[in-house]
């Protein structure tokens with residue numbers, strides 16, 4: 001079973017989100033939430049809220065056990081770019097790209113092999 005959560009158009013660059021995403025990939029949900037609470041990055045509260053949403057989806061929609069969940073996939077793709085102008089010398093203008101992200105988390109349940117042996 002899979003449980004997903006996705007957030008679109010987050011006003012943070014995907015390059016900055018991917019730094020935090022790499023820390024929690026393939027981790028248990030409780031360990032990942034502990035990491036996100038202690039990492040001092042701008043993407044941490046966004047990812048923590050998204051992780052809690054994915055856990056709630058797993059429990060309520062798919063009847064999965066929250067204690068055995070882990071992050072099987074997590075990725076941050078680029079969204080639309082907000083293009084702004086900044087005045088420069090001699091009447092020119094320089095473009096500022098304000099980047100956005102689409103972040104997706106997929107959770108799976110760990111399968112215990114102790115029951116067979």
The range 1-10, subset over 22 Å from residue 109 (Cα atoms) and in contact with a strand residue (DSSP E or B) (Cβ under 7 Å, 6 or more places away or on another chain), residue surrounded by the most Cβ atoms within 10 Å (Cβ to Cβ): 10
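Which of the residues belonging to the range 81-111 are touching a residue at least 12 places away in the same chain (Cβ under 8 Å) and over 30 Å from residue 71 (Cα atoms)? It would help to see each step written out before you state the result.
Here is the first cut: in the range 81-111, the residues touching a residue at least 12 places away in the same chain (Cβ under 8 Å) are 81-84, 95-110.
Residues satisfying the conditions are 82, 83, 84, 95, 96, 97.
Among the residues of the range 24-34, write down those that are outside any loop (DSSP other than H, G, I, E, B) and either touching a strand residue (DSSP E or B) at 6+ places or on another chain (Cβ under 6 Å) or surrounded by 15 or more Cβ atoms within 10 Å (Cβ to Cβ) (or both).
24, 28, 29, 32, 33
None of the figures in this text is laboratory data; all of them are computed from the coordinates on show. Not measured: the values here are computed from a predicted model. Neighbour counts run over all protein chains shown; Cβ positions are idealised from the backbone, glycine included.
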